[in-house]
Structure formats: structure tokens, C-alpha cells
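Written below as C-alpha cells is the structure these notes are about.
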Amino acid sequence: MSAPATAIRFDEVTLGYGRRPAVHHLDGNIPAGSLTAVVGPNGAGKSTLLKGIVGTLKPLDGHIRLHGPSAGIAYLPQAAEIDRSFPLSVYDLVAMGLWSRSGLFGGISARDRAKIEEALSAVGLIGFERRPISTLSGGQMQRALFARLLLQDAPVILLDEPFTAIDAKTTADLLDLVRRWHDESRTVVAVLHDLDMVRRIFPKTLLIAREPVAWGDTPEVLSADNLLKARRMVEAHDPHAHVCQRGAA
Amino acid sequence: MRMSASAGPHKEPPVLDLLVSPFSEFEFMRRALVGVIAIALGGGPIGVFLMLRRMSLTGDAMAHAILPGAAVGYLLAGLSLPAMTIGGLAAGVIVAVAAGLVSRFTSLKEDASLAAFYLLSLALGVTIVSLRGSNVDLLHVLFGTVLALDDGTLLLLASISTLTVMALAVLYRPLVLECVDPIFLRSVSRAGTPTHLIFLGLVVLNLVGGFHALGTLLAVGMMMLPAAAARFWSSDITMMMIVSMLIGIASGIAGLLLSFHAELPAGPAIILSAGAVYVASLLMGREGGVLWLLWPGKHLEA
């Protein structure tokens with residue numbers, strides 16, 4: 001078998017806010033069909049990296065290239081960013097996953113309805129269809145969002161801390177879906193904090209602490225030495241920081 | 001006393017007569033009825049979206065912002081429908097865009113910049129009206145003339161509500177999605193920003209329509225009060241919009257009758273009726289009304 005195709009390619013990517021880098025000179029690629037964990041301390045630029053891939057944040061420098069269909073990314077941001085008080089039913093929230101096919105005003109066919117049912121059943125939310133999302137617990141909400149991801153049927157799936165504050169049973173159920181996506185050769189990138197989970201399930205890991213610390217096979221990346229290096233990252237802004245000269249020569 | 005009325009040609013029972021005869025006997029009441037129904041049909045769902053997007057006060061600010069535009073129209077052409085409509089639309093759009101730009105490019109939040117712009121607009125508007133007009137004209141602009149709607153105004157109100165309902169039907173998905181999960185919308189579509197702008201346009205359009213009937217100060221009342229009341233009756237957005245329309249229509253009718261029988265000014269009577277519905281909903285509404293919170297009944301098994 002030849003080397004797998006690239007799904008996402010980073011060329012000396014720097015992402016940040018203002019002129020301050022949050023991800024500094026990331027270079028490399030995520031192969032199609034790979035299952036990658038992004039690990040690092042708080043403030044290391046993990047979420048920023050995902051925003052860069054989705055395209056909501058433009059790189060300060062360098063390029064992020066996506067290979068494959070442009071509408072092919074499904075993105076699950078951190079939980080806090082959804083307005084849970086909005087009067088919307090679980091069914092409608094999940095059905096939004098069909099956006100790329102139904103668009104602004106396409107109808108939802110009987111086949112789509114079957115798909116929605118299937119997604120709800122895959123995450124164990126049968127019977128929740130008519131419940132307003134404001135009545136869901138954190139774990140149930142996460143299940144609903146995973147159902148929406150299922151419907152998006154995207155070749156690339158980005159998950160930002162999907163299991164934070166989620167109980168063991170729900171985490172296990174949702175991890176099964178992640179494995180299923182991997183078996184279906186989708187490219188999955190997940191920001192995670194639970195290193196045991198990463199070692200058990202994610203073959204590839206990117207360890208990042210603003211600078212990429214290590215990237216490759218999980219056991220080697222998560223060595224004691226690398227983890228120590230990541231922990232030493234300085235979080236505070238340096239008021240006397242110079243303009244970065246790397247790559248300028 | 002009611003005997004004489006029942007003895008008339010209509011043969012209606014007294015209560016029904018009280019409700020129907022103002023409209024059957026007087027054309028200006030029928031026109032007012034058509035006007036408030038049109039306003040309620042457009043304003044009801046717009047109000048629901050304003051509320052759910054946490055923009056309730058934005059509506060209020062925009063309503064005030066319309067004043068100087070309408071006042072300039074008035075200054076140039078007197079109490080003319082097209083001049084005041086165009087002026088109001090222009091002023092509303094300018095303030096909405098200016099507030100949006102200020103909040104995007106400075107550290108001032110949109111609500112603060114809107115507050116700044118609408119206060120300016122209100123002061124400017126009152127000044128312009130008083131430059132030429134009498135106090136009567138100022139009252140007309142501030143509180144509207146729902147009992148003196150001519151054909152042109154009715155046509156305008158009907159067109160605005162038709163356009164609003166159709167536009168909301170088309171924009172429904174991105175509007176909802178932008179409230180619930182804007183990041184998701186951005187990840188699947190570029191419709192977010194245009195949707196927001198068109199929505200702001202619809203808000204201005206409905207306020208300008210409402211302005212002719214209810215004046216700049218009360219126009220927003222027919223949007224926000226029915227919407228806020230509807231929130232207490234449903235936890236489903238579609239139902240909420242329908243309830244909001246119905247409450248708007250009911251308050252319009254109740255307000256007109258109240259003003260007819262009690263000889264109150266019509267605009268405030270309509271808004272007061274909507275206010276009464278709001279307070280009643282606040283107390284009794286099935287979705288989080290105060291009485292249900294105080295006496296929820298014994299808890300269930302599961």
C-alpha cells in the first residue's frame with residue numbers, strides 16, 4: 001500500500017490573536033483516515049488550531065491546505081458555545097446536521113428522517129426527539145451534538161474537548177462512535193486531556209505548547225521527556241517580544 | 001340601556017354588539033383594525049427573533065433611531081407618507097450599520113453604541129420636528145395616528161407584513177441556527193452575516209410601518225410585548241411565533257375597542273392591552289409563569 005493521502009497540510013502555520021502567536025510555526029500533515037489526538041496544557045493553542053482548520057481564524061502566517069471536498073469538515077466546538085436556552089427541540093438540533101444537503105430551504109425527505117432516527121438511536125437519544133434542548137443534561141447534549149456530527153457525514157471530523165465534564169458511560173458510548181468513524185476511514189482530530197484515553201485509542205498524537213513539541217506515533221510523543229517540555233511552556237505574554245524572524249531568511 | 005342597541009336592525013346580543021358595532025359602523029375603525037392586524041402579523045415573529053437573539057433593546061433603540069429620518073421627511077414634505085417612510089428607513093439603516101461598524105472595529109459593544117446613536121437620533125428628531133411643526137405634529141410622530149390610516153398607509157403596512165413573513169420563511173434556518181450555534185453555522189455556510197443584515201433590515205421596515213400607526217415610541221411595543229408574552233406559552237419557536245401574532249392581533253382589537261368605548265387614545269390603548277396580556281402571561285403562562293413556579297404541584301415519579 002502506498003503512503004496515505006494527506007487530509008490537512010500545515011505549511012509553517014502561525015495562528016494567533018492580534019500579533020501574538022497561539023500556535024507557532026506548525027509544519028506537517030494529517031494523513032487521510034488517521035485518528036489524531038491534540039494534547040497540551042491549557043492555553044497551548046489546541047482550540048486555536050482547530051479554528052484555523054475550520055477557517056474561522058485566518059493564519060497570521062503560513063498556509064493550511066485542505067484536501068478533498070471543501071464542505072467536508074464537521075466541527076464540534078467546546079460545549080460552552082451553544083445557547084442552550086433557545087427553544088429548539090432535540091430533533092431539530094440534530095436535523096441541522098443535514099445542512100450541507102438541505103441547505104437554506106431544501107425539504108427533509110423520508111430518507112432523511114430515517115437517517116435522523118438512526119443517528120438519534122446511535123447516540124442513545126430515542127425518546128428525546130421532542131424535548132427542548134434546555135432540558136438536556138451536559139452528557140445528553142453532547143450525545144445530541146454527536147448525532148448531528150453523524151448526520152454531517154463529513155470526511156474530516158474535528159472535536160474540541162468532547163469528553164470534558166462527561167461521565168464514563170457517555171464517554172465510552174461516544175468513543176465507540178469515534179472508533180466507528182476511524183473504521184470508516186474518516187479523518188478525526190480530537191483535542192483531549194485524558195492521556196490514558198489517548199494512549200488507548202488514538203494512534204497519532206500532536207503534543208503542542210504553542211510550539212509543536214512532538215508529533216507522530218502516540219507512545220513516542222507522550223514520553224515523560226516530551227510531556228515535561230510541554231509543561232514548561234510560558235503562558236504569559238512577553239511585553240518585549242521581538243518580531244519573529246523564523247522563515248524570513 | 002343596552003335595550004335600545006339590541007332593538008336595532010342587527011339583533012345582536014349586547015356584548016357582541018359592544019365588540020362588533022364599532023367596527024361595523026365606523027370605517028376608520030375598520031381601517032385601524034386592518035392596520036393593527038398587518039402590524040401584528042409582521043411584528044409578532046420579528047419580535048420573537050429579536051427576543052431570542054437577545055436584541056429586545058436593539059429594537060427599542062432602532063425605533064428611536066427612525067425618528068430623525070421621518071422628521072427630515074416631514075420637514076421637507078409635511079405629513080407625507082412616502083417622504084416620512086423613506087426618511088425613516090434611511091435613518092434606521094444608517095444607525096443600524098453605524099452601530100454595527102462601531103462595535104466591530106472598536107472595543108465598544110453593539111448595545112452601548114446603539115444606545116449612543118439612538119439617544120442622538122431621538123434628540124435630533126424632536127429638534128427637527130419642532131423646527132417646523134406644532135406640538136400636534138410632534139405627537140403624531142411620537143405616538144402615531146392609528147385611527148386615521150389612509151389607503152396608502154394600509155397598503156404599505158400590508159406589503160411590509162407580507163414581505164416580512166415571506167423573508168422569515170426563507171431565512172428561518174440560518175436565523176435560528178445563528179442564535180443557537182453560530183459557530184456551527186459558520187462551519188457549514190456563509191449565510192450568517194447576510195442573514196443578520198437582512199434581519200436588521202426587516203426590523204427597520206416593521207418599525208417604520210408600525211411608526212405610521214403607533215408612532216416611533218410605541219411601534220416597538222407591538223413587537224416586543226406579544227413576543228415576550230408568547231415566551232410564557234410555548235417552548236417551541238414555531239408555536240411561539242404563532243402565539244405572538246395572535247396576541248398582537250388580540251391586543252390590537254382589544255386596544256381599539258378600549259379606546260372606542262373609554263375614549264382613550266388608540267395607540268397607547270393598544271400597547272396597554274398588549275402589556276396586560278404580557279402581565280397575565282407572566283403570571284399564568286404554562287412555560288415558567290409565576291403562579292406555576294409558586295405552586296408547581298407535587299413532583300412526579302420520573
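FYI, it's all coordinate maths here, none of it is from the lab. In this text the structure is predicted, and so the values were computed from the model without any measurement. Ideal geometry is used to build each Cβ from the backbone, glycine not excepted, and the neighbour counts take in all protein chains shown.
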| request: Evaluate the relative contact order of the stretch B:36-100 (contact order divided by residue number), counting alpha-carbon pairs under 8 angstrom at least 6 apart; express in whole percent. | output: 27
| task | Taking DSSP loops as anything outside H, G, I, E and B, show the longest stretch in chain A free of GluC sites (Glu not before Pro) there with at most 12 other beta carbons within 10 Å. | result | A:1-183
| remark: If the label point sits 7 Å along Cα→Cβ of B:Met239, residues of the stretch B:49-66 with amide N under 20 Å come out as B:49-53
| query | With each run of n ≥ 4 DSSP H residues scored as -39500 (n - 2.57), what mean residue ellipticity at 222 nm is computed for the protein assembly as shown after dividing by its residue count and rounding to the nearest 500 deg cm²/dmol? | reply | -19500 deg cm²/dmol
| task | Could you please rank A:Trp99, B:Trp233, placing first whichever residue has the fewest other Cβ atoms within 10 Å of its Cβ? | result | B:Trp233, A:Trp99
| said: Give me the one-decimal nm value for the distance between modelled label points at A:Ile126 and B:Ser56, 7 Å along each residue's Cα-to-Cβ direction. | reply: 4.1
| Say each of B:Lys109 and B:Glu27 gets a label point 7 Å from the Cα, pointing the same way as Cα to Cβ; how far apart are those two points in nm? | 5.2
| task | Round to the nearest 10 and give me the degree value, 0 to 90, for the angle of helix A:110-122's Cα axis relative to the longest principal axis of chain A. | result | 60
| message | With both bridge residues required to lie in the protein assembly as shown, what share of the DSSP beta bridges run antiparallel, to the nearest 5%? | response | 55
| trypsin sites (Lys or Arg not before Pro) lying in DSSP loop within the stretch A:16-74, provided at most 13 other Cβ fall within 10 Å | A:Arg19
| said: Show me the trypsin sites (Lys or Arg not before Pro) within the stretch B:182-270 that DSSP assigns to loop and that have at most 13 other Cβ atoms within 10 Å of their Cβ. | reply: B:Arg190
| note | From the cross-link list A:Lys58/A:Lys229; A:Lys169/A:Lys229; A:Lys51/B:Lys109; A:Lys46/A:Lys115; A:Lys229/B:Lys109; A:Lys204/A:Lys229, the entries with a Cα-Cα span beyond 30 Å are A:Lys169/A:Lys229; A:Lys46/A:Lys115; A:Lys229/B:Lys109
| query | Efficiency by 1/(1 + (r/R0)^6): what FRET value for B:Leu139 and B:Val279, r their Cβ-Cβ distance, R0 = 30 Å, to the nearest 0.05? | reply | 0.70
| Descending Cα extents along the principal axes, chain A, whole Å | 59, 46, 36
| remark: Here the whole-number average of other chain Cβ atoms within 10 Å per Cβ of B:183-196 is 5
| remark: Distance in Å, no decimals, from the C-alpha centre of the stretch B:129-208 to the one of the stretch A:72-135 is 29
| query | Using only the Cα atoms of the stretch A:80-153, what do you get for the radius of gyration and for Dmax, in Å? | reply | 11.6, 33
| query | Over all Cα pairs of the protein assembly as shown, how is the pair count split among 10 Å bins, expressed in % and running from 0 up to the last occupied bin? | reply | 3, 15, 21, 20, 17, 13, 7, 3, 1, 0, 0
| said: Can you give me the long-range amide H partners of A:Leu26? Hydrogens built in the peptide plane at 1.01 Å from N, cutoff under 5 Å, separation of 5 or more residues or another chain. | reply: A:Val13, A:Thr14
| Under 17 Å from the B:Ala148 label point (7 Å along Cα→beta-carbon), backbone N, the stretch B:36-79 | B:71, B:74-75, B:77-79
| said: Looking at chain A only, what percent of DSSP beta bridges run antiparallel? Nearest 5 please. | reply: 55
| query | Quick one: putting +1 on the C-beta of Lys and Arg, -1 on the C-beta of Asp and Glu, what dipole do you get for the stretch A:80-153 around its Cα centre, in Debye to the nearest 20? | reply | 100
| For the pair A:Arg101 and A:Asp238, what calculated FRET efficiency results from E = 1/(1 + (r/R0)^6), where r is the Cβ-Cβ distance and R0 = 41 Å, to the nearest 0.05? | 0.30
| message | Using DSSP H assignments, which helices in chain B have an axial alpha-carbon span of 30 Å or above and a mean Kyte-Doolittle hydropathy of -1.0 or higher? | response | B:27-52, B:56-77, B:81-105, B:110-132, B:151-180, B:192-218, B:237-262
| field | Filtered trypsin sites (Lys or Arg not before Pro), the stretch A:83-185: DSSP coil and at most 14 other beta carbons within 10 Å | value | A:Arg130
| message | Explain nothing, just the number: relative contact order of the stretch A:71-162, from Cα pairs under 8 Å at least 6 residues apart, as a whole percent. | response | 56
| field | Average partner coverage of B:169-182, which counts Cβ from other chains inside 10 Å | value | 5
| field | Cut-off 15 Å, label 7 Å out along Cα→Cβ of A:Ser85, residues of the stretch B:276-302 by amide N | value | B:288-289
| note | For chain A, the longest principal axis of the Cα atoms and the Cα long axis of helix A:168-183 enclose an angle in degrees, to the nearest 10, of 80
